Amino acid sequence: MDRRINHTLLKASGIVALVMIGAALICGIFELTVLGMKNSLDYLGAGKRWSADGTRYAVIGMYAEENAGISADQAETWARSVDSALLEASVTPNEGARSWAWTYGCDAVLPVSGTKATVNAETLAVSGDFFVFHQLAFKYGSGFLNDNSNPMGVVLDRDLAWRVYGAENIVGMTVTIGSEEYTIVGITDRESSSGAYKKAYGDTPRMYMSYRGYQKISGGAGNISFFEAALPNSVRGFAMNIFSGRIHVNEDSSSTIEATDRFSLKKRFDNMKELAYAWVSINKIEFPYWENEARVCDYRAAVMMLFEVAFAAVAGSSLILSFILLRASGWTLIGTLKQAWTKAADERARRKREKPPKAPKVRKKRGKEEKPAERENAPENGERPTPRKDDGETPPPSEDEFIIDKSEKEV
């Protein structure tokens, strides 16, 4: 009876262990999904692209309301202040290089005119290292340099190119914005086919232009809506301390996010706890499309984290229950190994007993083998018999035959 109970407990322990493995696998699938979402956000890799020696970087972004009153001069002042902070912290770049990357810009809706039509386009006026952070999917041409070499260069997406010119490869042609002409230096395609990207990017055609070029048609005005930086972060929290210590913005009208840390376990767990309030917004920040895409991924990762916590609890409780049942069944690894060894020894002994005896080996004599007839006529004393000649002649008569024949002649 006890043996039957032990067997049932052992079987139950195995079933619970399978449940634990299944729950752990589901958690692993969620983690791989989150990793895929992280890799799909290209701007998170700006630090790796900027680093020349493998130094760890953090990507941090500040996003502000349109009426926050941040000017381009203020953004340039922030950049110089961060330079000073890095030098004070003994972070010195190589000669002729910079130790960090940064970009800022604003968004606007501008009328863009070509030979075919005039179209209102969502426009990003950017400065600094924008194309280091956001490697657009260029189909033709490339990005513009944020210097005085070509302040009138613009980049159009395929949709806008078709609408204003009726063609895609229009690099080198010009478009009119306001009273100014701008040279098209690149045509981009959509960067991703994910649902989050499509929703964030929208259906409105887009254009990118330098902030200097934008100032020519805006009268020098333009409220900065984002400032992004890729800062060295060899010690955790170092980059965020530099950024928040030098870039002062009203917290009620802005949001600062360390993008490279947004998919960490701690951050996802914090977002999970705030899921009930995810759709509550108390500010008027209009995030750029790449940050909106990232925020959608944040929400999905928080939901997955909720399920991960549940399945991790199932896996943990299953592990404990399986161990308890295993102990109650009396099963031990050493006992199982001993039993297997004894069984193997008994099997070897049984095979040895059932194995038939070997037949004695017959040793063959060297030399010519005797023919069967010769063996039958061989004398018992071991003398070799006189071989018979089979040459066709009549053998000579024996002595008895000779005497009889002689007597018959005499008669």
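Quick note: the coordinates plus some simple rules give every number you see, no bench work behind them. In this text the structure is predicted, and so the values were computed from the model without any measurement. Note: ideal-geometry Cβ built from the backbone for every residue, glycine included; neighbour counts use all protein chains shown.
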**OP:** Kindly write out, for segment 130-136 in residue order, the coupling ³J(HN,Hα) from the Karplus curve 6.51 cos²θ - 1.76 cosθ + 1.60 (θ = phi - 60°), rounded to whole Hz, with x marking Gly and Pro.
**Re:** 4, 7, 6, 6, 10, 7, 5
Subject >> Full-extension gain in nm, PHE269 to SER192, via 0.36 nm per residue minus C-alpha separation >> reply: 25.0 nm
Subject >> Long-range HN-HN contacts of PHE138 with modeled amide H, under 5 Å >> reply: ASP189
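Give me MET207, MET304 ranked fewest to most by other Cβ atoms within 10 Å of their Cβ, as a rough exposure proxy.
In order of increasing Cβ crowding within 10 Å: MET304, MET207.
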**OP:** Give the calculated FRET efficiency between THR342 and LEU25 to the nearest 0.05, with a Förster radius of 35 Å applied to their Cβ-Cβ distance.
**Re:** 0.45
Original post:
Based on the alpha-carbon gyration tensor of segment 68-169, what equivalent-ellipsoid semi-axes (square roots of 5 times the eigenvalues) come out, in whole Å, largest first?
Top reply: 34, 16, 10
**OP:** Highest first, please rank the peptides 336-346, 287-297, 72-82 by the mean number of other Cβ atoms sitting within 10 Å of their residues.
**Re:** 287-297, 72-82, 336-346
Subject >> GluC sites (Glu not before Pro) restricted to DSSP loop in segment 81-182 with at most 16 other C-beta within 10 Å >> reply: GLU95, GLU168
Original post:
If each of SER51 and TYR299 carries a label point 7 Å out from its Cα toward its Cβ, how far apart are those two points in nm?
Top reply: 3.2
**OP:** Show the residues, 5+ positions off or on another chain, whose built amide H is closer than 5 Å to the amide H of SER225.
**Re:** GLY105, CYS106, ASP107
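By its C-alpha gyration tensor, with a ≥ b ≥ c as the square roots of the eigenvalues, how is segment 204-343 shaped: rounded for a/c under 1.5, else prolate for a/b larger than b/c, else oblate?
Numbers: a/c = 3.57, a/b = 3.02, b/c = 1.18.
Because a/c hits 1.5 or more and a/b exceeds b/c, segment 204-343 counts as prolate.
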**OP:** Please give the FRET efficiency for ASP73 paired with GLN135, using the beta carbon to beta carbon distance and R0 = 25 Å, rounded to the nearest 0.05.
**Re:** 0.35
Original post:
What are the ³J(HN,Hα) values, in whole Hz, obtained from phi via the Karplus relation 6.51 cos²θ - 1.76 cosθ + 1.60 with θ = phi - 60°, for each residue of segment 54-65 in sequence order, with x given for Gly and Pro?
Top reply: x, 4, 6, 10, 10, 9, 10, x, 10, 10, 10, 5
Original post:
Whose amide H sits under 5 Å from the amide H of ASN120, counting only residues 5 or more places off or on another chain, with H placed in the peptide plane?
Top reply: VAL112
**OP:** Give, as ranges by residue number, the residues of segment 152-193 whose backbone N falls under 12 Å from the point 7 Å along Cα→Cβ of THR118.
**Re:** 176-180
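Over segment 46-261, what is the relative contact order in percent, taking alpha-carbon pairs closer than 8 angstrom and at least six residues apart?
Numbers: 414 pairs, mean separation 78.9, N = 216.
Averaging sequence separation for qualifying contacts and normalising by length gives 37 percent for segment 46-261.
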Subject >> Pairwise centroid distance, computed over Cα atoms, of segment 319-345 with segment 7-40, Å >> reply: 23
Original post:
Based on Cα positions only, what radius of gyration and what Dmax would you give for segment 46-261, in angstroms?
Top reply: 18.0, 55
Subject >> Under Karplus coefficients 6.51, -1.76 and 1.60, residue-wise ³J(HN,Hα) of segment 273-287 in Hz, glycine/proline x >> reply: 5, 9, 4, 5, 10, 4, 9, 8, 10, 10, 10, 10, 6, 9, 6
Subject >> Rg and Dmax [Cα atoms of segment 203-282; Å; Rg one decimal, Dmax integer] >> reply: 17.1, 47
**OP:** List, in the order given, every pair from LYS216/LYS284; LYS48/LYS198; LYS48/LYS216; LYS116/LYS284 whose Cα-Cα distance in the structure shown is over 31 Å.
**Re:** LYS48/LYS216; LYS116/LYS284
Original post:
Tell me, how many Å apart are the Cα centres for segment 136-208 and for segment 72-106?
Top reply: 28
